[in-house]
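For reference, the structure is listed below as structure tokens.
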Amino acid sequence: MSSLIEDYALLSDLETAALVGRDGSVDWLCLPRFDSPACFAALLGTRDHGFWRVAPVGARGPCARRAYRPETLVLDTEWWTGSGSVRVTDFMPPHAGTPCLVRVVEGLSGAVTVRSEFRPRFHQGRVVPWTRDADGWNVSVAGPDAVWLGTDGPVTERVTAAATVADFTVTAGTRLAFTMAWAPSHRATRPTALLVPAETFRKETVDFWRRWAARCPYQGAWRDAVVRSLITLKALTYAPTGGIVAAPTTSLPDRIGGPLNYDHRYCWLRDSALTLSCLVRSGYREEAAAWLGWLVRAVAGDPSRIQAVYGVAGQRLLPETEAPWLPGYEGSRPVRFGNAAMQQWQLDVYGEVLDALWLSLRAGIDVPPHVWSLAKSLMEYLQEHWREPDQGLWQERGPARQFVHSKVMTWVAVDRVLRLGALLGADVPARWYSLRDEVRRQVCKQGWNSRRRSFVQAYGSSRLDASALLMPALGFLPATDRRVCDTVRAMSALEHDGYLRPYQEEDRGQGRETPSVACSLWYAEALESVGQPDRARALLERVLSIRNDVGLLSERWDPVEGRQLGNAPQAFSHLALVQTAYALTEGARSPR
């Protein structure tokens, strides 16, 4: 059985990511990139679906302590046993030429017998590889994939069809390193990265992350949390293209046993403007430019074919399939790979893209010369279709509806294209100014529910939706507008033990929605904007308290069970944390 979601720490080489539990087991790793098939899939099944554990022999539970080295993604895990203590340092070196996972075992005191149990399973935990010896290295092969495993010291290994197991003893001051590297199976020679000493990789990896983190100028009250969130966002970046995945995992449920388990190992346009804003204001212009480049390439082409989600390379086809051989996280089925949201029409993404283009140009990021042509084509399509219903922010897999947030983002699209035109000195059709006013009038009339004294989820609905909290941040209405203040006040109906659910549920027999981390942070920022800074700070601190022991947040939080839920770590949650920290810090410095 896999560990709790909050028991996992993240490792990344900027092309893929691994999750390692407090018990020393790597239970999730896709190779060679984020959206590739998993070779360790115990997270969604059992030990028979692939893992790699390094821990003292006989250790049944979690470690004594663990922590990332300050401002890095290098993880130290310690065990204290009756015969001594030992530390395992895990990391994935960026730019190694091929995905590598390095695990260094060091004796701290006494003498401790440690076991490495390496059990890869290719094709989403389904295929047992053929393992053989190759000049002192073990290579496990199945189909197009091969993983090589070796050590830098003498160990005696037991190699079977099921696993490679090594028991060895470390004493104070001694160390042994294991290195695993992926390669295409048709290559007969081991990857050159295996020839690099583990200590060299460790130093380079520590230096890489500390240099990167040092560029962050934020000096507010929550600097450690902001830097950790930014490191997490960088870790979820696919370096070759600049795309940032929503999470490195699939099918972790937002409710245990529920069916709404989706694949988040892709890039959502919805994250684009928020990502650019966070990166630019945090001093990471190179990453912002790379994300912009990915965005422009991904949406190029017919504006009627724009998608809500794309692959890390910008690919459009992400067919959704189910994996019946995987029982799911704590029995939450089905397990899905791919995402059918690629087929949905989500109106809000036009606003997200045009907002991102405007933010980039305003920040001085080099934009492609054809950016105005792209913006015009998106706008011309939108003005003909904005009145149509869509699937909305929450990607509902039911009938299309007139979602209020989608219409607000239509207003954002028109507003930003007008601002883009002004910055570029371009000719802007007069009808676009009229359209901006028309959209606002419609939203304020049909999206407002006078009985609830709040903007609601959809035209004609009475359901509250946390996305209405974004109106002042998007510039749709000022925070001083009475309707904004009333909407923020109404959101207390979505609170659950101090956290915010994304929307009011309809009785569909699927159980109650768990609170959303991002929505809770939107609430904090909205409270700040309407003049309630004490409540805003208290809510931000509450969200910070539910991070796991190494500072990571998932998509959801279950206050009843006191545990994280949903895919993890979630980029949207960490983006919202950074944005909220900046908003509250700037609000405290500004006169009201």
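Bear in mind that the values in this text are calculations on the coordinates, not laboratory data. Treat the numbers as computed from the prediction; the structure is a model and nothing was measured. Quick reminder, even Gly has a Cβ in these numbers, built from the backbone with ideal geometry, and neighbours come from all protein chains shown.
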Handout entry: Nearest-ten-degree value, helix 533-545 long axis tilted from longest Cα axis of the chain
Key = 30
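By average Cβ neighbour count within 10 Å, what is the ranking of 393-402, 453-462, 184-193, 239-248 from highest down?
Details: 393-402: 15.5, 453-462: 19.1, 184-193: 13.8, 239-248: 22.2.
Most protected by this proxy first, the peptides run 239-248, 453-462, 393-402, 184-193.
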Practice task
For the stretch 1-98, report the convex hull volume of the alpha-carbon atoms normalised per residue, in Å³, without decimals.
Solution key: 108
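Please list the equivalent ellipsoid semi-axes of the stretch 521-588, computed as the square roots of five times the alpha-carbon gyration tensor eigenvalues, in descending order and whole angstrom.
Largest first, the stretch 521-588 gives 22, 12, 10 Å.
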Fill in the blank from the handout: Any aspartates and glutamates whose Cα falls less than 13 Å from that of LYS376, other than same-chain ones fewer than 8 residues away, would be ASP302, GLU384, ASP415, ASP427
Problem - DSSP-assigned coil residues among trypsin sites (Lys or Arg not before Pro) in the stretch 493-556, each with at most 13 further Cβ atoms within 10 Å - result: ARG508, ARG512
Exercise for the section: Filter the trypsin sites (Lys or Arg not before Pro) in the stretch 107-179 to those in DSSP coil with at most 10 other Cβ atoms within 10 Å of their Cβ, and list the result. Expected result: none
Practice task
State, as an integer percentage, the relative contact order of the chain based on alpha-carbon contacts under 8 Å between residues 6 or more apart.
Solution key: 12
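What is the stretch 215-589 by shape, rounded, prolate or oblate, if you read a ≥ b ≥ c off the alpha carbon gyration tensor as root eigenvalues and call it rounded for a/c under 1.5, prolate for a/b larger than b/c, and oblate otherwise? The partial results should precede the final answer.
Numbers: a/c = 1.22, a/b = 1.15, b/c = 1.06.
Here the stretch 215-589 falls in the rounded category.
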Problem - For the chain, size of Cβ-based charge dipole, Lys and Arg +1, Asp and Glu -1, in debye - result: 760
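Neighbouring Cβ atoms within 10 Å as the yardstick, rank ASP23, ASP302 fewest first.
Final ranking by Cβ density, sparse to dense: ASP302, ASP23.
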Completion exercise
The lysines whose Cα lies under 25 Å from the Cα of LYS203, excluding any fewer than 8 residues away in the same chain, are LYS234
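Sorting TRP79, TRP448 on the 10 Å Cβ count, fewest up front, what's the list? Write down the numbers at each step before the final one.
Values: TRP79 23, TRP448 18.
The most exposed by this proxy come first: TRP448, TRP79.
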Fill in the blank from the handout: Low-density loop trypsin sites (Lys or Arg not before Pro), the stretch 320-396, at most 14 other Cβ within 10 Å, DSSP non-H/G/I/E/B, are ARG387
Practice task
Please report how far the C-alpha centroid of the stretch 554-578 lies from that of the stretch 225-251, rounded to the nearest whole angstrom.
Solution key: 14
Exercise for the section: Measure nothing but the geometry: give the 0 to 90° angle between the long axis through the Cα atoms of 223-235 and the longest principal axis through the Cα atoms of the chain, rounded to 10°. Expected result: 80
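For the peptides 569-575, 417-423, 135-141, what is the packing order when you average, over each peptide's residues, the other Cβ atoms within 10 Å and list the highest mean first?
Details: 569-575: 27.0, 417-423: 19.3, 135-141: 16.6.
In descending order of packing, they fall as 569-575, 417-423, 135-141.
Taking the Cβ of each residue in TRP148, TRP130, TRP345 as the centre, tally the other Cβ atoms inside 10 Å and list the residues starting with the fewest. List each step's numbers first, then the result.
On the way: TRP148 22, TRP130 12, TRP345 16.
Neighbour counts put them in this order, fewest first: TRP130, TRP345, TRP148.
Please get the size of the charge dipole for the stretch 84-148, origin at its Cα centre, with Cβ charges of +1 on Lys and Arg and -1 on Asp and Glu, quoted in debye to the nearest 20.
Numbers: 7 positive and 6 negative charges, 48 e Å.
The dipole of the stretch 84-148 has a size of about 220 debye.
Report the far tail of the P(r) of the stretch 479-592, meaning the percent of Cα-Cα pairs longer than 22 Å. Let's see the in-between values first.
Values: 2097 of 6441 pairs.
The answer is 33 percent, as a whole percent.
Could you list the square roots of 5 times each eigenvalue of the Cα gyration tensor of the stretch 5-211, that is, the equivalent ellipsoid semi-axes, sorted largest first and rounded to whole Å? Write down the numbers at each step before the final one.
Details: eigenvalues 113, 72, 60 Å².
Working through the eigenvalues yields semi-axes of 24, 19, 17 Å.
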Fill in the blank from the handout: So the angle from the long Cα axis of helix 348-362 to the longest Cα principal axis of the chain, reported in degrees to the nearest 10, equals 90
